[in-house]
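See structure below.
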Amino acid sequence: MTDDTRSPEPSDPAEGGASPADSVGGAVHEDRKVSRPDEQSEPAMDTHPTDDAARIAGVVAQTRADVGDAPQERIADVLRQRFSDVGLDLGDDRIRALAAEVAGG
């Protein structure tokens with residue numbers, strides 16, 4: 001291999017190159033970067049509106065995958081916690097019915 005075929009050596013920061021401290025994941029960034037109006041600079045949340053029925057179905061499906069083989073009372077406890085986490089207040093009868101559905105299916 002000749003010297004002409006090797007990769008160039010990294011440039012000295014004083015010569016205009018980025019220092020290793022300026023690089024994150026291989027991309028050069030500025031510490032005091034100001035976001036443009038059309039730039040997403042934070043995580044996007046709630047990008048798709050959902051209704052309560054879709055939230056309930058999602059919680060039930062995830063609970064089935066996570067603890068579907070657990071005793072029914074454990075499933076009910078998990079459902080209560082998860083519905084509380086997503087801001088849904090379902091009655092105890094509804095939660096028990098959903099727990100029975102998860103346990104049976």
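The values are calculated or read from the model by the stated rules, or taken from the named source; none is laboratory data. Every value quoted in this text rests on a predicted model; they were computed, and no experiment measured them. Here Cβ is always computed from backbone atoms with ideal geometry, including for glycine, and neighbour counts include all displayed protein chains. The accessibility values were calculated without ligands, DNA or RNA, using every heavy atom of the protein model including side chains. Shrake-Rupley method; radii C 1.70, N 1.55, O 1.52, S 1.80 Å.
A count restricted to the stretch 48-80 and to residues that are within 20 Å of the chain's Cα centre (by Cα), open to solvent by 60 Å² or more (accessible area, probe 1.4 Å), modelled with pLDDT of 90 or more and more than 20 Å from G104 (Cα to Cα) stands at 1.
When the residues of the stretch 87-96 are filtered to those that are surrounded by 13 or more Cβ atoms within 10 Å (Cβ to Cβ) and under 23 Å from T50 (Cα atoms), the one that is nearest to the chain's Cα centre (by Cα) is L88.
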